[in-house]
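All of the numbers you see were taken from the coordinates with simple rules; none came from a lab. Bear in mind the structure is a predicted one, so any value in this text is a computation, not a measurement. Every residue, glycine as well, gets a Cβ built from its backbone with ideal geometry; the counts of neighbours run over all protein chains shown.
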Amino acid sequence: MTANRADAVLGLVLDILDDCDGAFTALDITRAARPLIDPPPTTEEVSAVFDVLTHPLVDGIAAGDHGAYVRIPRDDLATRTWNLLAELDDEGVDADERTRQLEDDRY
C-alpha cells in the first residue's frame, strides 16, 4: 500500500468511525467505505488502520469480543493520557524514560 493510499484509507476510516455508535468490525467499516473510495478498501487495509488505532499511544479504539471494536471517547482518551503523564511526572521520571514506559505498556 502506498503512503497516499494509506492516508486515504486512514482518513476514510476515521470519518466513518466518527459516525459509529456501538461495536463494529473491520468488515463493517470495509462495507461502509466501499462506495466512498475507488478502489474500495480491503478488509486488510481497514485492519491495518485498526492496528494503528489500538496502539497504546493512540488508543482510539479498543478490541472487544469476536473481532468487534468500540470507539474510545476522545474525552476519555485525553483524560487517561493526562493522568498517565501526571503519574509519571509525580514519580520523577525524565522524558526519555517516560517515552520508554509508554512504549513498554503496549506489551
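Just to be sure I understand the model, the point goes 7 Å from the Cα along the line to the Cβ. What's the resulting T79 to T54 distance in nm? Distance between the two pseudo-spin positions: 2.4 nm.
Computed from the Cβ-Cβ distance with R0 of 41 Å, the FRET efficiency linking T43 to E87 stands at 0.65. Taking 0.36 nm per residue of separation and subtracting the Cα-Cα distance, full extension of the segment from C20 to A68 would add 16.0 nm.
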